[in-house]
Amino acid sequence: MAKATARYNISIMPKASHSIHLRRKPKRHLIPIYVATLLLVFHTFLVAYINSSFLEQFIPTASVGTIYTVGSALSVLIFLFISRVLQKVGNFRLTLFLLMTNFVAVLGMAQAETLRVAIPLFLYHIVAVPLIVFNIDVFMEEQLDNNETATGSRRGLLLTLSSLIGAITPLASSLIIDASGGDFTSTYLVSASILLPVIFILVFYFRDFSDPEYSEIDLFSALRTFWENDNIRYVFIANFMLQMFFMMMVVYTPLYLTDYIGFSWAEFGIIMFFAQLAYVVLEYPIGIIADKYIGEKEMMGFGFLIIAIATSWMSFITVTGVLVWSLVMFMTRVGAALVEVTTESYFFKQTKSSDAQVISFFRITRPLAYLAGALLASLALLYFPFNLMFVLAAALMVPALFCTLNIVDTK
């Protein structure tokens with residue numbers, strides 16, 4: 001089955017090329033790297049859905065997207081040069097530095113009381129997390145030792161566990177906030193503490209890590225390949241639109257449901273728990289169906305249609321029923337699961353392992369989409385009511401649907 005990468009795997013840039021000479025065979029530490037990855041998922045998603053509300057304490061709602069725009073721009077810029085940094089300092093030292101400084105940043109966010117403290121710490125956090133996950137993925141590639149027969153099953157297991165944690169963490173976060181009377185301090189303290197065992201795992205198991213050779217992305221070569229291959233270009237656009245949808249859901253859904261609809265944080269957590277279960281239940285079967293039965297095209301297009309319809313409903317539903325909103329949010333994630341798995345599956349069926357530049361560029365869609373989505377949302381909020389934000393998100397799925405119709409199916 002074609003490998004589908006979870007939304008939690010944010011490793012997007014230069015792939016490590018492994019040299020086979022003068023290198024000792026690395027020790028295998030698969031369980032520790034699995035545990036570290038899952039802890040990072042927990043750390044990230046425990047605060048992902050409250051970050052926008054955290055920022056709203058210091059800046060107007062319309063300005064929240066601007067902060068995400070700056071953070072996403074910094075991420076894109078840094079990832080373009082990450083290989084050079086890895087070549088100089090090594091993956092272990094860079095990962096340890098990022099983990100420790102991110103721990104300090106999130107700890108500082110828990111205590112932040114002024115704009116000048118909160119915003120820089122938040123920006124560092126959202127830039128550091130993708131870098132850390134990318135570095136962890138470098139360790140994982142080395143642990144798998146290019147054994148492609150095992151890669152699918154091992155990453156498939158990690159995908160399933162990550163999806164489950166991704167469903168649990170918004171609920172856990174909301175319950176902590178609700179128990180704290182709406183205060184975010186305890187949630188950020190818990191999120192920061194999760195990094196301590198990750199640091200321990202890194203130091204204990206990977207301090208003798210032998211770095212592979214790191215190749216840089218040739219941006220112009222990758223762009224040329226995307227432009228010349230219609231199928232790759234269309235699936236890139238589809239993935240770009242999906243990532244913009246994710247950005248709008250993560251940033252603006254908690255603000256909308258808690259501030260405007262009137263849900264408590266505990267109720268919001270229950271809604272998001274049921275919404276995220278769509279990934280746990282559907283992603284693996286969708287991959288099997290795409291490989292063995294009908295291909296990706298139909299499910300990808302159907303997924304965009306579901307996202308567009310369900311997301312547009314969010315603008316006009318005003319009731320505060322947890323069941324109603326759980327069903328609506330679950331449907332948005334059903335569509336997202338269909339699109340996420342099929343875009344990944346289709347893309348990797350169109351590429352080979354030698355297409356490292358194209359694959360690396362495909363991974364940059366997430367920060368680029370966050371950059372574009374945050375900028376677009378910030379502009380929209382200047383002219384339209386908050387509820388129409390979700391009509392905008394739904395409208396963005398329409399061109400993606402037409403892109404889907406233009407690809408050549410694999411079945």
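Quick look at the numbers
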| item | result |
| --- | --- |
| Helices (runs of 4 or more DSSP H) enclosed by region 9-111 - at least 3 residues per element that are at pLDDT 95 or above and surrounded by fewer than 17 Cβ atoms within 10 Å (Cβ to Cβ) | 91-111 |
| Lone qualifier among 189, 121, 219 - being modelled with pLDDT of 90 or more, closer than 20 Å to residue 367 by Cβ and open to solvent by 10 Å² or more (accessible area, probe 1.4 Å) | 121 |
| Residues of region 297-344 that turn out to be touching an Asp or Glu at 6+ places or on another chain (Cβ under 8 Å) and among the hydrophobic types (A, V, I, L, M, F, W, C), as a count | 3 |
| Neighbours by Cβ (under 6 Å, 6+ apart or cross-chain): first from region 159-170, closer than 17 Å to residue 140 by Cα; second open to solvent by less than 30 Å² (accessible area, probe 1.4 Å) and not in a helix (DSSP H, G or I) | 159/6; 162/6; 162/8 |
| Filter result for residue 266 (surrounded by fewer than 22 Cβ atoms within 10 Å (Cβ to Cβ), more than 28 Å from residue 401 (Cβ to Cβ) and touching a helix residue (DSSP H, G or I) at 6+ places or on another chain (Cβ under 8 Å)) | yes |
| Filter pass, residue 200 being at pLDDT 90 or above, closer than 25 Å to residue 35 by Cα, aromatic (Phe, Trp, Tyr) and open to solvent by 30 Å² or more (accessible area, probe 1.4 Å) | yes |
| Which numbered condition residue 306 misses (of (1) in contact with a Leu (Cβ under 8 Å, 6 or more places away or on another chain); (2) open to solvent by 10 Å² or more (accessible area, probe 1.4 Å); (3) part of a loop (DSSP other than H, G, I, E, B)) | (3) |
| Residues located in region 313-339, provided they are open to solvent by 30 Å² or more (accessible area, probe 1.4 Å) and assigned to a helix (DSSP H, G or I) | 313, 322, 323, 324, 327, 330, 331 |
| Inter-residue pairs, beta-carbon under 8 Å, first farther than 13 Å from residue 126 by Cα and in region 88-105, second surrounded by 19 or more Cβ atoms within 10 Å (Cβ to Cβ) and β-branched (Val, Ile, Thr), 6+ apart | 91/138; 95/132; 95/136 |
| Those residues of region 172-184 which are part of a helix (DSSP H, G or I) and open to solvent by less than 40 Å² (accessible area, probe 1.4 Å), in sequence order | 172, 173, 174, 177 |
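The values are calculated or read from the model by the stated rules, or taken from the named source; none is laboratory data. Here the structure is a predicted model, which is why all the values come from computation and not from measurement. Cβ coordinates were reconstructed from backbone atoms using ideal geometry, including for glycine residues, and neighbour counts include every protein chain displayed. The accessibility values were calculated without ligands, DNA or RNA, using every heavy atom of the protein model including side chains. Shrake-Rupley method; radii C 1.70, N 1.55, O 1.52, S 1.80 Å.
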